[in-house]
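First comes the structure, then the notes that go with it.
The values are calculated or read from the model by the stated rules, or taken from the named source; none is laboratory data. For clarity, every value in this text was computed on a predicted model and none was experimentally measured. Positions of Cβ are generated from backbone atoms using ideal geometry, with glycine treated the same way; all protein chains shown enter the neighbour counts.
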Amino acid sequence: MVRSTVLICGGTGCSSSGSAKIKDKMVEEIKAAGLENEVKVVVTGCFGLCALGPIMIVYPEGTFYSRVTVEDVPEIVSEHLLKGRIVKHLAYDETVKDNEILSLNDTAFYKKQKRIALRNCGVINPENIDEYIGTDGYQALGKVLTEMQPQEVIDVIKASGLRGRGGAGFPTGMKWQFAANQPAGKKFVCCNADEGDPGAFMDRSILEGDPHALIEAMAIAGYAIGSDQGYVYVRAEYPIAVQRLQIALNQAREYGLLGKDIFGTGFNFDIELRLGAGAFVCGEETALMTSIEGKRGEPRPRPPFPAVKGLYGRPSILNNVETYANVAQIILKGADWFKSMGTEKSSGTKVFALGGKIKNTGLVEVPMGTTLRDIIYEIGGGIPDGKKFKAAQTGGPSGGCIPEKHLDTPIDFENLAAIGSIMGSGGLIVMDEDNCMVDIAKFFLEFTVDESCGKCTPCRVGTVRMLEILDKITSGNGTLEDIDKLEELCNYVKSASLCGLGQTAPNPVLSTLQYFRDEYVAHVVDKKCPAGVCKNLMRYVIIEDKCKGCTACARKCPVGAITGTVKQPHVIDAEKCVKCGVCIETCKFGAIVKQ
Amino acid sequence: MKSLAELSAIRDKMKNQVASRANDLDGTKIIVGMATCGIAAGARPVLNAFVEAVAGSGIENVTVAQTGCIGICQYEPVVEVVEPGKDKVTYVKMTAEKAQRVFDEHIKGGKPVTEFTIGSAQK
């Protein structure tokens, strides 16, 4: 009889820091201690606190062990599992208070979270369908097939106010309605799992941690719009997600939860996987469907919208993974329950991938309307090393930078758009005083230049011209006119591009121009990078008063740019200096600074 | 699988296993002392008896946990039952048979088995 369960995170983050070896060692040690019938080891999906991985949680106590190593395992088995003594020095610091071990839910990271899309991530074994069923899995599918008409399903989703979590926030129920209204015939249910924003990994975590939630929701959508075929378009760069999804599909078929005559109701539905080859543009709905058809992934003008003419020219719906992850819960708990969370126009929760200059890197799910300040400082633990917050970037290469003055804005689709950013898929990158905003804009633009499919001119040529101007500015050759020209070009690209990629590509530039124009001006007028990032605008200078003339730096300088006599202040020849930074590391007196 | 009944059967079978991973331990807790002293005195069969009794009964909201040495080694195996809003009850010198009675009369019946408690042992 199982009395204790050890959950080990098998998400991508923890897997790459060695959780598979820890699991093997755990199983071995448990066997050696003769506990194999009492303690169960379960590999789960992502817990969300990736910064502390590899992560292990022991139930029923709920003890949270962080940064576990293979060497720690024997101690955990002999102390905790055998003798019931929690190994305090291995438990996550925040859970150990005054010699008491707190529940994981009482830590700052989890306290303000509300997990719906991620409810099973880090709780169940994603490769075991029985565990999903044990958490009321497939009950919603059973309910819609036996008790509800397709239109009732659509009405519930509409009433819940669920909106697309992939970025644009289009009402999911409306989308389903459009497809359902089309004359009967072959229709398709598609899932966008081509998560491509740099720094975003919420969809991956759901695929890895709770793949059946997606399968169940797609079957429900199939019933609602009258489709018997689904496609999941998933990045080939997500090998663990693809593997778990495949296992889940096989198990669902074996149980008759996919296939013909599901629950004996005459409803047929099956799902196929399609692997994306890594083109960012394939996250755009028409390009994604073109790619599923086996053609080159390029967008096409809309209308006709996919709900009318989508995959193979048939009515199709496309929703994002996180959107689907909410569906079964809404069916079971009702539209009012979902509407009770979040804001008036954006109900429910949103998952964010926290990254950048933040203490708790990882995945968080919070009700819509939570402020950025809460997410960054309460849940995320703030900025490391006492640095000052500068901006938060949401929405990846399609989004914008949000400055400190907007930190208290409640986050939902409308509010983010109003302050010049977008919700996007939920990447949230935090930047501190050491980040140069011009450089950030350049980084995202380099990404879109690479990923532009080249079909329409504004995006293909416009983004390259924008990048050239940014290059000019960061190398110290920019003028004030360049900034104006850049802004003008941004607006052209935004309004004239064919698809979402080009239409949103200027957002990082526009939002940094809006909130951090002074940094652009500093680059072109003072020829200085205030954050000290842009190499061409940086100078290494010796402060005369502090220099003792020890000659250490002059001897270390690889290009002989530092001159001076012993016991006299030295100087750096800016012409010769290659800005390698060796002199700063060498100086014992802190006399050399970057300017 | 051809019916909802089959689905529900799997769910009911799995529910307890998965539910024990809930983070909110609001319900009743049965805590068995599993330090060296407890194990030596026979705590393991006691622990297993409780786990099996809880799983077999289908009662939700009861968790069986283990803890270290409470410091009264002469009374091991020691079991504590903590119910929300009630005083903690400490049972001493437990056996698997006593565990079954505690489960039936206290956990299910709501009436502590006074004769096994530390209070009567110290008299």
| message | For region A:500-516, give me each residue that is surrounded by 24 or more Cβ atoms within 10 Å (Cβ to Cβ) and over 23 Å from residue A:299 (Cα atoms). | response | A:509, A:511, A:512
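Can you tell me which of A:80, A:89 is modelled with pLDDT under 95 and surrounded by fewer than 23 Cβ atoms within 10 Å (Cβ to Cβ)? Walk me through how you get there before you give the answer.
On the way: A:80 fails: surrounded by fewer than 23 Cβ atoms within 10 Å (Cβ to Cβ).
Of the residues listed, the single one that is modelled with pLDDT under 95 and surrounded by fewer than 23 Cβ atoms within 10 Å (Cβ to Cβ) is A:89.
Please go through region B:52-63 and pick out each residue that is facing chain A (nearest Cβ under 7 Å) and either loosely packed, with under 14 Cβ neighbours inside 10 Å or out of contact with any Lys or Arg (no Cβ under 6 Å at 6 or more places or on another chain) (or both).
To start, the set of residues in region B:52-63 that are facing chain A (nearest Cβ under 7 Å) comprises B:52, B:55, B:63.
Residues satisfying the conditions are B:52, B:55.
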| request: Could you pull out every one of the strands (runs of 3 or more DSSP E) wholly within region A:224-276 that has 2 or more residues that are buried (at least 20 other Cβ atoms within 10 Å of the Cβ)? | output: A:229-235, A:267-276
| message | Consider region A:253-264. How many of its residues are under 20 Å from residue A:148 (Cβ atoms) and more than 10 Å from every other protein chain (Cβ to nearest Cβ)? | response | 1
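Let's see how each residue does on (1) polar (S, T, N, Q); (2) within 12 Å of chain B (Cβ to nearest Cβ); (3) in contact with a Leu (Cβ under 8 Å, 6 or more places away or on another chain):
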residue: A:7; (1), (2), (3): no, yes, no
residue: A:19; (1), (2), (3): yes, no, no
residue: A:23; (1), (2), (3): no, no, no
residue: A:28; (1), (2), (3): no, no, no
residue: A:68; (1), (2), (3): no, no, yes
residue: A:85; (1), (2), (3): no, yes, no
residue: A:102; (1), (2), (3): no, yes, no
residue: A:105; (1), (2), (3): yes, yes, no
residue: A:113; (1), (2), (3): yes, yes, no
| remark: Out of (1) more than 9 Å from chain A (Cβ to nearest Cβ); (2) in a loop (DSSP other than H, G, I, E, B), the one residue B:69 does not meet is (1)
| note | Expected output for region A:119-140 (first residue farther than 19 Å from residue A:59 by Cβ, partner of a type in the set (S, T, N, Q) and at pLDDT 90 or above, Cβ below 6 Å, 6+ apart or cross-chain) is A:129/A:251
| query | Which members of region B:29-38 meet the condition of being farther than 13 Å from residue B:91 by Cβ and either within 7 Å of another protein chain (Cβ to nearest Cβ) or of a type in the set (Gly, Ala, Ser) (or both)? | reply | B:34, B:35, B:36
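Anything in region A:463-475 that is surrounded by 17 or more Cβ atoms within 10 Å (Cβ to Cβ) and either in contact with a strand residue (DSSP E or B) (Cβ under 9 Å, 6 or more places away or on another chain) or not aliphatic (A, V, I, L, M) (or both)? List them, or say none. Reasoning before the result, please.
If we filter region A:463-475 for residues that are surrounded by 17 or more Cβ atoms within 10 Å (Cβ to Cβ), which is where we start, we get A:463, A:466-467, A:469-470, A:473-474.
A:463, A:474, listed by residue number.
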| task | Keeping to region A:371-395, report how many residues are in a loop (DSSP other than H, G, I, E, B), surrounded by fewer than 24 Cβ atoms within 10 Å (Cβ to Cβ) and touching a residue at least 40 places away in the same chain (Cβ under 8 Å). | result | 4
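Of the residues A:165, A:204, which single one is closer than 25 Å to residue A:275 by Cα, outside any loop (DSSP other than H, G, I, E, B) and more than 14 Å from chain B (Cβ to nearest Cβ)?
Working: A:165 fails: outside any loop (DSSP other than H, G, I, E, B).
The unique qualifying residue is A:204.
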| request: Look at residue A:34 and say whether it is within 13 Å of another protein chain (Cβ to nearest Cβ) and surrounded by fewer than 23 Cβ atoms within 10 Å (Cβ to Cβ). | output: yes
| What single numbered condition from (1) outside the structural domain of residue A:142 (by TED's automatic domain parsing); (2) at pLDDT 95 or above fails to hold for residue A:328? | (1)
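Of these, B:121, B:35, B:65, B:43, which one is in contact with a Leu (Cβ under 9 Å, 6 or more places away or on another chain) and among the small types (Gly, Ala, Ser)?
Details: B:121 fails: in contact with a Leu (Cβ under 9 Å, 6 or more places away or on another chain); B:35 fails: in contact with a Leu (Cβ under 9 Å, 6 or more places away or on another chain); B:43 fails: in contact with a Leu (Cβ under 9 Å, 6 or more places away or on another chain).
Checking each option against the conditions leaves just B:65.
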| Unmet criterion (only one of (1) within 14 Å of chain A (Cβ to nearest Cβ); (2) farther than 30 Å from residue A:135 by Cα; (3) assigned to a loop (DSSP other than H, G, I, E, B)) for residue B:93 | (1)
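For every residue, the table says whether it meets (1) within 30 Å of residue A:197 (Cβ to Cβ); (2) touching a helix residue (DSSP H, G or I) at 6+ places or on another chain (Cβ under 6 Å); (3) of a type in the set (Phe, Trp, Tyr).
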site	(1), (2), (3)
A:509	yes, yes, no
A:525	no, no, no
A:529	yes, yes, no
A:540	no, no, yes
A:546	no, no, no
A:551	no, no, no
A:554	no, no, no
A:578	no, no, no
A:593	no, no, no
